[in-house]
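Take this structure first; my questions come after.
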Amino acid sequence: MSYETILVETQGPVTIIRLNRPQALNALNSQVMRDLIDAFATYDADPEQRCAILTGSEKAFAAGADIKEMQAKGFSEMYGENFFQGFEKVTATRKPWIAAVSGFALGGGCELAMMADIMIAADSARFGQPEIKLGVLPGMGGSQRLTRAVGKSKAMDMCLTGRMMDAAEAERGGLVSKVVPAAELLDEALKMAQAIAGMPPLAAIANKEAVNATFETGLAMGLLFERRLFNGVCATEDKSEGMTAFVEKRPGNWKGR
Ligand code: CAA
């Protein structure tokens, strides 16, 4: 499948989705949104694919929502179209995916990266929510996800000053799981994705659902949800295989059921 604004390839069980609007530093317009929705749905539906990577160029993961597309839109158009709502379809992806960020991840770019299950950054990465400088605020989840990731004070700092945060600060703040040299970003992301792809696929989805429940529930309900999921995956063949393989001191052979 070929797209207008992204490139998609597979390497074994890993889908690599690359934002590809170099002339606009991968700014996220409606076409990018439509392409991403389709690419993630295709990944999610393909039983051979076990992990995905979303990346951009060396200079920019994405420099934000497309300002030129939004420039002439007023409240009626934005509200009527429920602008940005389509990205919720990307976050509905059930299988794991990693954002591999090099260069600018600003505004919607930072917000898109934060939709990932895991973010890894090149040492060149720059994160920011500069929307205030345009007279607006984050619109793709930044005020919520950034605050959950780095806490109130740093999120306020980023949103109110519009400054950029470098990769080291992002790692210290817990926004990214690790920082790697820029030249090794895709290799490192692939290593991580291959490791995830080698796990029992239903358990991968269950682990993702359980961690994500943290952001939707209180502790008691979250613990109950986790315990019930645990009880549930005990009905899978992969659970029997995983525990038998451990006892027999051999690798598991996963069936995905
Ligand atoms: N939308 C549309 N076009 C963009 C863009 C964006 N977000 N970011 C960059 N571009 C375009 C520029 O207009 C320029 O195009 P032309 O060559 O046609 O002029 C091209 O990409 C290259 O950009 P620059 O010349 O500005 O590159 P630079 O290296 O000098 O600066 C930058 C890089 C600091 C990232 C700068 O481009 C910039 O500040 N971009 C905007 C960042 C921003 O404000 N993002 C938030 C957008 S709003 C948002 O995202 C809302 C939301 O929450 C969902």
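The values are calculated or read from the model by the stated rules, or taken from the named source; none is laboratory data. For clarity, every value in this text was computed on a predicted model and none was experimentally measured. Glycine gets a Cβ as well: all are built from the backbone with ideal geometry, and neighbour counts include every protein chain shown. Note: accessible area is taken over every heavy atom of the protein model, side chains too, but ligands, DNA and RNA are not part of it. Shrake-Rupley method; radii C 1.70, N 1.55, O 1.52, S 1.80 Å.
Considering only the stretch 32-44, I want to know if a residue exists there that is more than 17 Å from MET115 (Cα to Cα) and not hydroxyl-bearing (Ser, Thr, Tyr). Break it down stepwise before answering.
Step one: of the stretch 32-44, the residues more than 17 Å from MET115 (Cα to Cα) are 42.
Pick out the ones that are also not hydroxyl-bearing (Ser, Thr, Tyr) and you get none.
No, the conditions are met nowhere in the stretch 32-44.
Within the stretch 176-207, count every residue that is surrounded by 15 or more Cβ atoms within 10 Å (Cβ to Cβ) and of a type in the set (D, E, K, R).
Residues in the stretch 176-207 being surrounded by 15 or more Cβ atoms within 10 Å (Cβ to Cβ) and of a type in the set (D, E, K, R): 1 in total.
Okay, moving on. Can you tell me which residue within the stretch 131-144, out of those that are surrounded by fewer than 19 Cβ atoms within 10 Å (Cβ to Cβ) and assigned to a helix (DSSP H, G or I), is farthest from the ligand (Cβ to nearest atom)?
Among residues in the stretch 131-144 that are surrounded by fewer than 19 Cβ atoms within 10 Å (Cβ to Cβ) and assigned to a helix (DSSP H, G or I), the one farthest from the ligand (Cβ to nearest atom) is GLN144.
Here is a further query. Collect the residues in the stretch 58-109 that are within 13 Å of the ligand (Cβ to nearest atom) and in contact with a Pro (Cβ under 9 Å, 6 or more places away or on another chain), keeping them in residue-number order.
Answer for the stretch 58-109, where residues must be within 13 Å of the ligand (Cβ to nearest atom) and in contact with a Pro (Cβ under 9 Å, 6 or more places away or on another chain): LYS59, ALA60, GLY64, LEU106, GLY107, GLY108.
For residues that are free of Cβ contacts under 8 Å to residues at least 60 places away in the same chain and under 14 Å from MET33 (Cα atoms), scanning just the stretch 111-123, find the one that is nearest to the ligand (Cβ to nearest atom).
Residue satisfying both the conditions and the ranking: GLU111.
(1) away from the ligand (no atom under 16 Å from the Cβ); (2) closer than 17 Å to ALA189 by Cβ; (3) open to solvent by 30 Å² or more (accessible area, probe 1.4 Å); (4) in a loop (DSSP other than H, G, I, E, B): which one isn't true of ARG18, the others all being true?
Unmet condition: (4).
Next question. Among residues belonging to the stretch 21-46 that are open to solvent by 40 Å² or more (accessible area, probe 1.4 Å) and within 18 Å of ILE196 (Cα to Cα), point out the one that is farthest from the ligand (Cβ to nearest atom).
The extreme case among them is ASP46.
Does the stretch 66-110 hold any residues that are in contact (Cβ under 8 Å) with a residue 40 or more places away in the chain, open to solvent by 60 Å² or more (accessible area, probe 1.4 Å) and within 17 Å of ARG145 (Cα to Cα), and which are they?
Hit for the stretch 66-110 is LYS89, nothing else.
Would you check which residues across the stretch 111-130 are in a helix (DSSP H, G or I) and either open to solvent by 30 Å² or more (accessible area, probe 1.4 Å) or in contact with a Lys or Arg (Cβ under 8 Å, 6 or more places away or on another chain) (or both) and list them? Full working, then the answer.
Taking the stretch 111-130 and keeping what is in a helix (DSSP H, G or I), we get 111-114, 130.
GLU111, MET114, PRO130, listed by residue number.
Go through the residues of the stretch 221-243 one by one and say whether even a single one is open to solvent by 30 Å² or more (accessible area, probe 1.4 Å), under 23 Å from ALA113 (Cα atoms) and in contact with a Leu (Cβ under 9 Å, 6 or more places away or on another chain).
Applying the first criterion (open to solvent by 30 Å² or more (accessible area, probe 1.4 Å)) to the stretch 221-243 yields 221, 223-235, 237, 239-241, 243.
If we keep only those that are under 23 Å from ALA113 (Cα atoms) as well, we get none.
No, there is no match, as no residue in the stretch 221-243 is open to solvent by 30 Å² or more (accessible area, probe 1.4 Å), under 23 Å from ALA113 (Cα atoms) and in contact with a Leu (Cβ under 9 Å, 6 or more places away or on another chain).
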